[in-house]
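Working notes, structure below.
Here, each number is a calculation from the coordinates, and none is a lab measurement. Since this is a predicted model, take the numbers as computed values, not measurements. For neighbour counting, all protein chains shown are included, and Cβ atoms are generated from backbone atoms with ideal geometry for every residue, glycine included.
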Amino acid sequence: MGDRCILANNATLAGHVSLDDYVIIGGMTAVHQFCVIGSHVMVGGCSGVAQDVPPFVIAQGNHATPFGVNIEG
């Protein structure tokens, strides 16, 4: 887990998940084991992350898919 990460209520990380710096994970979100979440990523609430998420991306949904660039930080 990197610096300044935010995990909301009931965000669940399975074994060997890697979070880079400045990651925000919404509530009720599950991250599958061995996934890598890049820096400055924002994952929406009630999502399921089953693949790696590249840096500077906003992802959401069950089997979270990137749908935008995180320009806010």
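Out of Gly26, Gly2, report the one residue that is in contact with a Gly (Cβ under 9 Å, 6 or more places away or on another chain) and among the small types (Gly, Ala, Ser).
None of the other options fit; the residue is Gly26.
Could we say that Phe34 is surrounded by fewer than 16 Cβ atoms within 10 Å (Cβ to Cβ) and part of a strand (DSSP E or B) here?
It is false that Phe34 is surrounded by fewer than 16 Cβ atoms within 10 Å (Cβ to Cβ) and part of a strand (DSSP E or B).
Within the stretch 43-71, track down each residue that is under 14 Å from Gly26 (Cβ atoms), of a type outside the set (A, V, I, L, M, F, W, C) and part of a loop (DSSP other than H, G, I, E, B).
Correct list: Gly44, Gly45, Ser47, Gly61, Asn70.
Looking at Ser18, Ser39 in this structure, which one is surrounded by 14 or more Cβ atoms within 10 Å (Cβ to Cβ), in contact with a strand residue (DSSP E or B) (Cβ under 7 Å, 6 or more places away or on another chain) and hydroxyl-bearing (Ser, Thr, Tyr)?
Ser18
For Asp52, state whether it is acidic (Asp, Glu), out of contact with any Gly (no Cβ under 9 Å at 6 or more places or on another chain) and free of Cβ contacts under 8 Å to residues at least 40 places away in the same chain.
For Asp52, the condition - acidic (Asp, Glu), out of contact with any Gly (no Cβ under 9 Å at 6 or more places or on another chain) and free of Cβ contacts under 8 Å to residues at least 40 places away in the same chain - is not met.
Between residues in the stretch 2-16 that are closer than 17 Å to Gly26 by Cβ and residues that are exposed (fewer than 13 other Cβ atoms within 10 Å of the Cβ) and of a type in the set (S, T, N, Q), which pairs lie under 8 Å by C-beta distance while being six or more apart or on different chains?
Ala14/Gln33
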